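Derivation of every value follows stated rules applied to the coordinates shown; laboratory data play no part. Note that the structure is predicted; figures quoted are calculated from it, not measured. All Cβ positions, glycine included, derive from the backbone under ideal geometry; neighbour counts span all protein chains shown.
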Amino acid sequence: MADVAEMLDLLVGADATVAVAESLTGGLIGAAITSVPGASKAFRGGVISYATDLKHELLGVPAELLRREGAVHPEVAAGMAAGVARLCGATYGLAVTGVAGPEPQDGRPVGTVHIGVAGPGGRKWARELRLRGSRERIRVETVDEAVDLLSGVLKANIGEHSG
């Protein structure tokens with residue numbers, strides 16, 4: 001399991017904050033973050049944009065992209081991440097979109113997940129997953145992978161903004 005406390009420590013150490021945009025996880029990432037004492041030092045909040053239209057209306061994901069590709073796409077995850085960072089005034093945005101099942105969505109098979117991170121200066125990072133197992137397992141693994149991606153980004157960038 002990914003270490004949420006470590007991710008929060010990295011954020012605090014970098015004097016940075018995070019906001020989350022969740023689709024298939026339905027708030028599990030925010031719940032994992034807020035389960036750690038002191039999370040308020042780095043966690044700004046989030047948006048559960050389960051419905052596709054909310055990805056556009058709340059987070060600013062281009063409507064044309066959603067029409068063309070559907071909600072399960074790497075550019076959608078990146079747009080969600082940038083949108084939630086902007087909306088919540090956070091240094092980093094962390095977003096997930098995907099198919100937990102039981103049925104495929106937008107032509108994508110169950111287990112297809114895209115994670116996006118948006119950071120300072122418009123920088124973006126992404127991870128694509130092909131997960132197997134139950135709906136619950138896919139959702140839990142998505143949380144772990146999302147926390148792991150942001151932690152990796154933070155570790156790689158710690159020296160860039162210090163000194």
Paired Rg and Dmax values of region 4-157, which use every Cα atom, in angstrom:
14.2, 42
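For the chain, what does -39500 (n - 2.57) per DSSP helix run (n ≥ 4), summed and divided by total residues, give at 222 nm, in deg cm²/dmol to the nearest 500?
Numbers: 6 runs with 68 residues, N = 163.
Helix-only estimate at 222 nm: -12500 deg cm²/dmol.
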For the chain, find the longest principal axis of its Cα atoms and tell me its angle to the long axis of helix 4-13, 0 to 90°, nearest 10.
50 degrees
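Suppose every Lys and Arg Cβ carries +1 and every Asp and Glu Cβ carries -1, with no other charges. What dipole size does region 1-72 come out with about its Cα centre, to the nearest 20 debye?
On the way: 5 positive and 9 negative charges, 31 e Å.
Roughly 160 debye for region 1-72.
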Charge dipole (the chain, unit charges on Cβ, about Cα centre) - positive-most of ALA42, GLY60, GLY13:
GLY60
Where in region 87-114 does the label zone of ARG137 land, with the point 7 angstrom along Cα→C-beta and an amide N cut-off under 13 Å?
111
When the convex hull of the C-alpha atoms of region 1-90 is computed, what volume per residue in Å³ does it have?
89 Å³
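Could you tell me the relative contact order of the chain? Use alpha-carbon pairs under 8 Å, at least six residues apart, and round to a whole percent.
24 percent
What's the magnitude of the charge dipole for region 46-163 around its Cα centre, counting Lys and Arg as +1 and Asp and Glu as -1 at the beta-carbon? Answer in Debye, nearest 20. Spell out each step's value before the answer.
Details: 14 positive and 14 negative charges, 24 e Å.
Rounded to the nearest 20 debye, it is 120 debye.
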For LYS155, go through the lysines and keep the ones whose alpha-carbon is under 16 Å away, minus same-chain ones fewer than eight residues off.
LYS124
